[in-house]
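See structure below.
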Amino acid sequence: MHPVFEATADEVEASLAVLATMRQLPLEPGLSLYDLEGLYEFREDARPEVGREAYARAEGCIYAYEQAMEQPSEHVALAMYISALEALANPNTSWRKNRSAARFVHFIEQLASSEIDETMSHPNFVQAFGSIASRKKFLEKLYELRSTPLHTGMLRHAVGGFFQTDTMASIRVSLVSGLVRTCFANFLRGPFSSLVGHPRVDPAAGGPFRPD
């Protein structure tokens, strides 16, 4: 495990100064929340409802992300961050409840495969999430981290400082938070839907073709 060092007073002051100048969620250079407006025009000439749905999914992601940042509990924060990812993956269709966990995995892997690899190569990944060798297993683990606390009520565990008892809780939250931001940025560039669960194309849902 690589050591984690607490920020100095000067580093904290510099970081706060940068944050004070920001009026929106920081994304990659050349991309901002203003690009949400572009989703309204996405294929507007042919199917305006496509743009409206893409906007709604991105908006849901932002709302969940905002709630996650305010949570003192690791479990609640992770549930909200992963719900933010699910908001991007969840299509506004009658079949959206079909194979929702499988669709989550397929969608996020398609949306951010290289970024998932970067997350899994982090020096503290194994300590935070265990020995996971594949993107699919990691995404299944994330979905479990959302579902299990909500189904069991085990939500009170707090996220402490880096030198408190559960350092890995803070690192888990940090790694997932970064992945959500990247997925959101990628979705702004190219919104799409996964057909996992579609009754006409997914064999597990009754169709002849399996997307994953």
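Of note:
- Once the range 61-101 is narrowed to residues that are of a type in the set (Ser, Thr, Tyr) and under 10 Å from the mean Cα position of the chain (by Cα), the residue that is farthest from residue 153 (Cα to Cα) is 65.
- In the range 71-119, the residues that are assigned to a loop (DSSP other than H, G, I, E, B), surrounded by fewer than 17 Cβ atoms within 10 Å (Cβ to Cβ) and of a type outside the set (S, T, N, Q): 72, 96, 97
- On the stretch given as the range 120-146, residues that are open to solvent by 20 Å² or more (accessible area, probe 1.4 Å) and in contact with a Phe, Trp or Tyr (Cβ under 8 Å, 6 or more places away or on another chain) total 4.
- Scan of the range 61-70 for residues that are modelled with pLDDT of 90 or more and open to solvent by less than 50 Å² (accessible area, probe 1.4 Å), ordered by number: 61, 64, 65, 68
- Any hit, the range 83-103, residues being among the polar types (S, T, N, Q), in contact with a Gly (Cβ under 6 Å, 6 or more places away or on another chain) and modelled with pLDDT under 85: yes
- Contacts under 8 angstrom Cβ, first residue in the range 178-203 being touching a residue at least 60 places away in the same chain (Cβ under 8 Å), partner buried (at least 21 other Cβ atoms within 10 Å of the Cβ) and of a type in the set (Asp, Glu), 6 or more apart: 196/202
- Of the residues making up the range 127-142, just one is under 19 Å from residue 114 (Cα atoms) and touching a residue at least 60 places away in the same chain (Cβ under 8 Å), namely 142.
- Scoring residue 174 on the criteria (1) surrounded by 19 or more Cβ atoms within 10 Å (Cβ to Cβ); (2) assigned to a helix (DSSP H, G or I); (3) modelled with pLDDT of 85 or more leaves a single failure, condition (1).
- Restricting the range 177-198 to residues that are closer than 15 Å to residue 110 by Cβ and among the polar types (S, T, N, Q), the residue that is most open to solvent (accessible area, probe 1.4 Å): 193
The values are calculated or read from the model by the stated rules, or taken from the named source; none is laboratory data. Here the structure is a predicted model, which is why all the values come from computation and not from measurement. Every residue, glycine as well, gets a Cβ built from its backbone with ideal geometry; the counts of neighbours run over all protein chains shown. Note: accessible area is taken over every heavy atom of the protein model, side chains too, but ligands, DNA and RNA are not part of it. Shrake-Rupley method; radii C 1.70, N 1.55, O 1.52, S 1.80 Å.
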